[in-house]
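These notes concern the structure reproduced below.
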Amino acid sequence: MASHIGDEISPEHAGEPRGKKRRQDVARQACERCRVKKTRCDEQFPCGLCRSLGVECSYSYRKPSRSELSSNALIRVLERLESKVDNIAAKAPGQASYATETWPAEAEAEAEAGHDNARSTSYISPASQEVVETAPKYPQSAIVPWSAHQVIAWKPVLPMLPDAVQLIVSECGIDYASSLELKRPRLPVAPRPGSKDEDSLGSLSVSLVKELCDSYFATFHLCYPFVDRTFFLRHTLPTAINGEFGYDVESCVVLAVMALGCWSKLALHELSEFRAQRRWTASPQTSFHEDRRSSTDPTTPGIAFFNESRKRIGWLINDNCMQSCQYYLLSGLFYAQLVRPVDWWTMTSRASVCCRMFWENVPNSCDEWVMDMQSRLFWNVVMFDNIISQELKFVGCQLDEMAQRIPLPKFVRMKQPAFLPLDTETDEEDSFHQYHFLAQVAHRILLTRTKTTIFVTSEYTSQSVAEELHQQLERWRNRLPAALQFDDDHLVPPPESPSQILAVSWLRLRYIIAKFHFGRPLIHKVIHRPKDATDEELRRCTEIFVQVFSWEPFIRLLSIMKSCMPLKFLICSQFFGQILLVYSFRHNTEPRLRQVLPHTYSQWCAFALGFLQDAARSSPTLAKDAEIATILCQNLILR
């Protein structure tokens, strides 16, 4: 009998009492006679009762219900959409006009000017003006993908690649980067819950905890200052230690800092070994050597501390406080160091929720320091989100609108008791890296504007737009504080300290990276229309490749402290895309394009390939990139 219960009770009435008689359906509109007699009307014309009695059947006007009003509104929207489709279909092929579309740059200008007619709705009635879509449809051939991995999907690129590469792409898919990362196994859990090492945190010495935290602030914190050092040392760290690393957010933050501190100790040791050998040179001819340690090894540095933090954050998963946001950013940084971009993106997305919760519900009486800390967190989230979502096919945190109204951080000092001594040396060092962070944010804003102006357009951007972007970049450079200024003759800083290697070098490298991105649409145009390329355009392509090859000494410098390189996935992705570009020019059917590459292209390919092959152990995507790049470089590297 039990097996037939589900058949006897329909899903929509499964929750009704079994002994209760189901109510018959009520007519939505009864005729006048059925309404007076209070009998059930079949809503026919004439209805059954009136037809049997042989009398006239009539219906009075009835006010439409709420659901019918909603349905009518939906029908009107569909009619407007059908009208737009008909208008588009009526246009002759190739005569679609983009003049009436609202381009991203124009929409941004309207918003900044405060115009009331800024388009915020998805559709506008055709009766008032032409229907405008929120996302204009651009000619596919003129859209330049921002992702370096998408270079392989450019129409002229894939057909000219070797058969072995085309076979790999056909087996793994053109978007293999995202799919391979999504299939990765979870980070191993060690030690296991209930093991003898589970309570080992209680036996940690305060000196070891302090050493790992200091190592973190001497490395990762230089570029990503989303943890306030004073607040951490005065509040977060004592709370975690006094509570013996209980299930609180302070303990989670400290454990995440300690996990990164393990990598920091290795990075500082690498710098010490380098200084002892005294073999630094920025020359491109120097061979690139890096160890073959895998960051996904079961003995991954800091994994025990990180797993303890993950175990504790589970009890605090719904918290959206400032320190919760810090924990998610720290976790994302740990995943980035392990070259796990999906996990990094997940933590960044969770941190963005914390930022939204605060900035959409700012307390009336909010401390200035708290507001400034939330600003720090927000802009770190924005930068992390742009790095990951623009390279892989992931949905971003959608913070562009908020970025227009969230102020840049001022790095307000936390109020301290007057009797506590001030560490002026630490304050000066922090100020230097705070300026660096603000310059980093400004650079990211410039790159975002670059993407929305010259990478998405109805036609390849004119030279005047590119020149304007170059002028903005130079203004950014000239406005840097005196301590961050640099000249073209001494771009690569000497490896004198972690600050020079991790902060100063990245700031100057970003200057060169921006120039490369400014030129990518021209590269795209020349590859797609090689016979139409002018001599001036080919000359500019050569200059772009010169900028690409100038990355090498900076990456060598960063590799001195290879255990503190959270942007390794980004570097490898760019190298992979650039190798594809070099191959596309060197093996192009147009003879003029084959002469574009600078004569040092072979040495650069050897360097970039070595970096990719070494990083292959840390990510399945990078392993596939290295496999493809190895095939391509067989004909690019001169023996």
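Worth pointing out:
- Residues satisfying the stated conditions in the range 587-601, i.e. closer than 18 Å to ALA629 by Cα and either under 32 Å from the mean Cα position of the chain (by Cα) or free of Cβ contacts under 8 Å to residues at least 12 places away in the same chain (or both): LEU597, TYR601
- All positions within the range 573-621 that are closer than 21 Å to ALA336 by Cβ and aromatic (Phe, Trp, Tyr): PHE575, PHE576, PHE611
- Which numbered condition PHE378 fails, given (1) farther than 28 Å from ASP175 by Cα; (2) modelled with pLDDT of 90 or more; (3) surrounded by fewer than 21 Cβ atoms within 10 Å (Cβ to Cβ): (3)
- Filter pass, CYS354 being assigned by TED's automatic domain parsing to the domain that holds VAL227, farther than 25 Å from LEU570 by Cβ and not small (Gly, Ala, Ser): no
- Residues of the range 539-546 include none that is closer than 25 Å to LEU438 by Cα and touching a residue at least 40 places away in the same chain (Cβ under 8 Å).
- Where CYS564 falls short, out of the listed (1) touching a residue at least 24 places away in the same chain (Cβ under 8 Å); (2) part of a helix (DSSP H, G or I): (2)
- Test for VAL362: is it surrounded by 13 or more Cβ atoms within 10 Å (Cβ to Cβ) and at pLDDT 85 or above: no
- Selected residue (criterion: nearest to LEU158 (Cα to Cα)) from residues of the range 522-570 that are among the charged types (D, E, K, R) and under 28 Å from the mean Cα position of the chain (by Cα): LYS525
- All positions within the range 477-496 that are within 29 Å of ASP214 (Cβ to Cβ) and touching a residue at least 12 places away in the same chain (Cβ under 8 Å): LEU480, PRO481, ALA483, LEU484, PHE486, VAL492, PRO493, PRO494, PRO495
- Odd one out for THR348, checked against (1) closer than 20 Å to ASP228 by Cα; (2) touching a residue at least 60 places away in the same chain (Cβ under 8 Å); (3) of a type in the set (Val, Ile, Thr): (2)
- Residue check, ARG556 among the basic types (Lys, Arg), crowded, with 19+ Cβ neighbours inside 10 Å, assigned to a helix (DSSP H, G or I) and at pLDDT 90 or above: yes
- If the condition is being crowded, with 22+ Cβ neighbours inside 10 Å and in a helix (DSSP H, G or I), then the range 592-606 contributes TRP604, CYS605.
- Test: GLY194 is over 27 Å from PHE384 (Cα atoms), in a helix (DSSP H, G or I) and modelled with pLDDT under 90: no
- Among the residues of the range 580-601, at least one is farther than 22 Å from ILE174 by Cβ, of a type in the set (Asp, Glu) and not assigned by TED's automatic domain parsing to the domain that holds LEU268.
- Members of the range 310-344 that are in a helix (DSSP H, G or I) and within 15 Å of the chain's Cα centre (by Cα): TYR328, LEU329, GLY332, LEU333, TYR335, ALA336, PRO341, VAL342, ASP343, TRP344
- Checked against the criterion of being over 23 Å from ILE303 (Cβ atoms), among the basic types (Lys, Arg), surrounded by fewer than 22 Cβ atoms within 10 Å (Cβ to Cβ) and assigned by TED's automatic domain parsing to the domain that holds CYS354, the range 225-242 has at least one qualifying residue.
- Residue match in the range 533-545 (condition: modelled with pLDDT of 95 or more, surrounded by 18 or more Cβ atoms within 10 Å (Cβ to Cβ), in a helix (DSSP H, G or I) and hydroxyl-bearing (Ser, Thr, Tyr)): no
- Of everything listed in (1) crowded, with 19+ Cβ neighbours inside 10 Å; (2) at pLDDT 85 or above, the single unmet condition for ASP430 is (2).
- Among residues of the range 205-224 that are assigned by TED's automatic domain parsing to the domain that holds ILE501, none has a beta-carbon under 9 Å from a residue that is surrounded by 23 or more Cβ atoms within 10 Å (Cβ to Cβ) at least six positions away or on a different chain.
- Tally of residues being among the β-branched types (Val, Ile, Thr) and either modelled with pLDDT under 75 or in contact with a strand residue (DSSP E or B) (Cβ under 7 Å, 6 or more places away or on another chain) (or both) across the range 453-469: 3
- Of all residues making up the range 219-250, the number that are in contact with a Pro (Cβ under 6 Å, 6 or more places away or on another chain) and either hydrophobic (A, V, I, L, M, F, W, C) or in a helix (DSSP H, G or I) (or both): 0
The values are calculated or read from the model by the stated rules, or taken from the named source; none is laboratory data. Treat the numbers as computed from the prediction; the structure is a model and nothing was measured. No Cβ is skipped: glycine too gets one built from the backbone with ideal geometry, and neighbour counts run over all protein chains shown.
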